[in-house]
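Data block below; observations after.
The values are calculated or read from the model by the stated rules, or taken from the named source; none is laboratory data. Every value quoted in this text rests on a predicted model; they were computed, and no experiment measured them. So basically every Cβ, Gly included, is an ideal-geometry build from the backbone, and we count neighbours across all protein chains shown.
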Amino acid sequence: MKIRTRVFDVALRGPLGYWTDRSLAEAMGIHETTLHRVKKDIHPPSNAFFAGALKAYPGKSFDDLFYVDDTPEPARELAEVSG
């Protein structure tokens, strides 16, 4: 089970749209490398990432920006390959 993020979907929509990873990272108060690693699923979101996302999107709730993915790992990898 992993906590996944919708931050990158939200970043492209709405009045607080952040059009680059750099501008989103700056708004979140995190390093652009951290943002990239979460985006590429190299690292899971950290507490700083959670707090930064809520800071960058003050009108959004935690549930708007994150969700629990309870898909078993092998099934997720198969879905990504076949999708």
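A few remarks follow.
- Any pair with Cβ under 6 angstrom, 6 or more apart, that starts in the range 21-43 at a residue that is more than 18 Å from residue 3 (Cα to Cα) and ends at one that is of a type in the set (Lys, Arg): 32/22
- For the range 18-39, the tally of residues that are in a loop (DSSP other than H, G, I, E, B) and modelled with pLDDT under 90 stands at 3.
- Selection of first residues in the range 48-72 that are without any contact (Cβ under 8 Å) to a residue 24 or more places away in the chain and under 15 Å from residue 3 (Cα atoms) and of second residues that are β-branched (Val, Ile, Thr) and in a helix (DSSP H, G or I), restricted to Cβ pairs under 9 Å at least 6 apart or on distinct chains, gives the following pairs, ordered by first then second residue: 48/34.
- Once the range 5-15 is narrowed to residues that are modelled with pLDDT under 75 and closer than 17 Å to residue 49 by Cβ, the residue that is surrounded by the fewest Cβ atoms within 10 Å (Cβ to Cβ) is 10.
- Within the range 30-42, being in contact with a helix residue (DSSP H, G or I) (Cβ under 7 Å, 6 or more places away or on another chain) and surrounded by 13 or more Cβ atoms within 10 Å (Cβ to Cβ) holds for 30, 32, 34, 35, 36, 38, 39.
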